[in-house]
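Bear in mind these aren't lab numbers, they're just calculated from the coordinates by the rules spelled out. Being a predicted model, the structure only gives us computed values, none of them experimental. Neighbour counts run over all protein chains shown; Cβ positions are idealised from the backbone, glycine included.
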Amino acid sequence: MKKDIYRSIIRNSKIAYLIINCKMNDHNKYIGIEVLEQNKEFEKIFKLLTENNVFEKEVTELIVNNWIKNMFKTNEFDQLVRDIIKNDHRKIEYTVELNNKNVIMDIYYLEDYFIVVYSINYNMSYDEEDLIIYNWSKDLNGVYIDIGGSCNNTKSNNENTIMGKRDLDLWEASEIRKFRQQENNVISNRNVKTFYQTLRKEDGNKIYLESTIWPIIDNNDSIIGTRGFSIEINDKLVFEKSLEQNEENFREITKYSDSVFIIRDKERATYVSPAFRNVFEDSPEDLYKDFNKLDKYFKRVEWNDYNIDYEFDFDQCNEGTRKVKLDNGKEKWIWYKFLPIKDSKGNISKRVGILTDVTEKKKIEEEKNQLKLDFFANLSHELRTPINLISSTIQLIKLNLTKLSPQDANKFYKYMDIMEMNSLRLVRLINNLLDSTRVEAGFISFNPINADIVGFIEDICESIVEFTEFNSMHLIFDTNVEEEVVLFDPDIIERTMLNLLSNAVKFNKKNGNIYVNLYIKDDKVKISVKDEGIGIPKEKANCIFERFEQVESKNRVEKQGSGIGLYLVKSLVNLHGGSIKVNSKVNQGSEFMVVIPKQLLNSGEEFILQKNEEVRYSRANIEFSDI
């Protein structure tokens with residue numbers, strides 16, 4: 001009975017403890033100890049007192065036995081052990097020379113082994129606050145017969161005045177009623193109770209206590225009183241106690257789920273649900289030692305063509321879907337979500353992760369995307385065929401217009417130009433529709449190289465100067481560096497710039513300016529395209545990058561497109577791991593800002609992009625890019 005009581009006490013408490021046997025020599029004298037069990041809280045104190053990071057029981061035995069040899073003279077340790085066996089309990093206080101910490105050891109005898117409960121005037125778990133512990137014994141009437149620890153929050157702060165009194169003599173009746181009920185329950189049921197209570201100090205401030213009480217049983221197995229201790233805790237610890245209870249419920253719920261649920265502290269997992277073995281086809285034991293093992297599953301897979309490492313930020317809420325490679329070589333798609341749990345002061349207490357095997361779902365999505373891509377490819381082919389025939393017919397008619405008089409021919413040329421430009425517009429629409437579908441399905445070609453992005457953007461601007469001047473506009477290019485080699489896909493950046501420049505020309509005012517600015521700052525490449533045109537309403541600024549989204553405006557009716565262009569631009573920028581946003585005011589213009597990471601291909605090889613002086617973008621190329 002007594003063993004069960006003490007084990008229940010220490011295993012449900014934040015108190016540091018050792019369970020030991022005392023060893024005898026050939027002369028039946030107690031000379032040292034053997035460690036049977038130690039808990040995590042003891043390991044924290046053990047590290048502080050000894051600066052030792054090794055937590056094996058054998059190491060603890062060695063250090064404690066050396067302490068015994070230095071602390072006790074001949075026969076003193078034997079006398080101490082026999083005194084504990086006789087009285088069931090003994091308190092020892094000493095100061096550690098290493099860091100001048102005052103240690104209190106409560107040693108209890110349980111028939112064939114001892115429990116050593118440690119406390120220290122330093123709180124290892126909860127910042128810099130002291131861990132205050134109250135110890136006491138009472139008879140069956142609730143009268144104090146032994147007292148230890150700090151009791152300066154009672155009506156009387158002298159320990160001698162507490163002995164022989166009851167709680168009613170020390171605290172308000174309304175505050176200790178629950179406590180006495182728990183004591184009576186312990187006496188009646190011969191069990192152990194751990195509970196929380198709130199007491200009010202003389203200054204009116206509240207203190208929070210975690211109290212544990214159990215019966216004192218004599219050699220005749222009769223209950224003669226109660227023994228207990230209380231730990232003074234703060235609101236942060238109250239939060240963590242609540243979190244611990246929620247964790248128990250969390251574990252019970254998640255152990256039957258097909259998804260993997262993980263609770264972790266800063267360095268290691270404290271709980272991994274059983275589904276881990278099915279999803280990762282491995283034991284989760286390594287995660288309990290070092291949580292970085294989880295990263296290894298993700299890092300084995302090259303997540304892009306130029307192999308840039310990606311690290312999870314577990315202190316932020318983040319989610320996504322990525323491929324993993326298991327220890328057995330199998331690859332799976334995993335949806336993940338990680339989020340921190342914060343205490344009342346905003347400090348991160350725990351981190352929770354959810355991981356789901358979505359390999360089959362991903363496979364179905366890819367099949368659906370392929371069907372979608374095939375549909376649009378067929379649709380594109382069916383649309384391109386008649387357009388190509390129309391374009392060919394236009395070219396043929398133009399060749400035969402030379403047979404007419406110049407006056408008659410000019411009338412036909414006017415209509416032929418309109419037909420030709422609208423044919424090109426349809427071709428661009430089809431290309432954008434197809435490319436946006438490819439991007440959405442993940443089939444767009446992405447081929448980044450190391451090259452000078454400053455010269456590349458400048459060449460694009462120079463090539464359309466003639467077109468902007470034709471539209472009575474001025475294009476101004478500016479940069480803060482003359483040359484910068486970074487990683488980018490020339491085809492994608494070119495298409496992005498032409499779409500944005502087309503947008504700027506289409507919606508700019510007559511004689512307005514178009515500003516293209518390129519800035520290299522820290523690890524970012526920033527490109528902005530700004531016009532002085534009609535602008536975008538504030539309520540539409542966040543949705544213009546959505547597919548088929550258009551800005552409805554009287555000024556835009558004659559210039560509206562399909563709403564695919566900016567969606568495609570955003571998708572292309574995302575391929576670079578970048579972002580795009582817009583700042584705009586109605587009738588004052590719009591500024592589109594593209595940001596891509598400044599990085600290099602692992603090989604470090606630089607490609608020289610040759611400037612083509614003959615490349616000039618025509619009105620048809622730019623004006624009908626279908627933004």
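The table that follows gives values for the structure above.
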{"read-out": "Net charge of Cβ neighbours under 11 Å - reference Lys598; Lys, Arg +1; Asp, Glu -1", "value": "0"}
{"read-out": "Other-chain or far-sequence residues with amide H under 5 Å of Tyr271's (modelled H)", "value": "Ile263"}
{"read-out": "Within segment 170-219, trypsin sites (Lys or Arg not before Pro) in DSSP loop having at most 13 other beta-carbon neighbours inside 10 Å", "value": "Lys201"}
{"read-out": "Relative contact order of segment 499-545, pairs being alpha-carbon contacts under 8 Å that are 6 or more residues apart, as %", "value": "37"}
{"read-out": "Vicinal HN-Hα couplings computed from phi for segment 292-298 (Karplus, 6.51 cos²θ - 1.76 cosθ + 1.60; Hz; Gly/Pro x)", "value": "5, 4, 5, 4, 4, 4, 7"}
{"read-out": "Nonlocal amide H pairs with Ile514, under 5 Å, H built at 1.01 Å", "value": "His474, Leu475, Ile476"}
{"read-out": "Set of lysines near Lys411 by C-alpha distance (under 19 Å), chain-local residues within fewer than 8 positions excluded", "value": "Lys398, Lys403"}
{"read-out": "Residues with amide H under 5 Å from that of Ser349, placed H, sequence gap 5 or more", "value": "Ile341, Lys342, Asp343"}
{"read-out": "Stokes-Einstein D for segment 363-420, Kirkwood Rh over Cα pairs, 37 °C, 0.692 mPa s (µm²/s)", "value": "233"}
{"read-out": "Sites Asn511 and Phe250 - FRET efficiency at Förster radius 56 Å, r taken between beta-carbons, to 0.05", "value": "0.30"}
{"read-out": "Average Cα contact separation per residue, segment 393-535, under 8 Å, 6 or more apart, as relative contact order %", "value": "20"}
{"read-out": "Fewest-first ranking of Cys543, Cys461, using other Cβ atoms within 10 Å as the exposure measure", "value": "Cys543, Cys461"}
{"read-out": "Karplus 3J(HN,Hα) series, Hz, for segment 370-378 with 6.51 cos²θ - 1.76 cosθ + 1.60 (x for Gly, Pro)", "value": "5, 4, 5, 5, 4, 4, 5, 5, 5"}
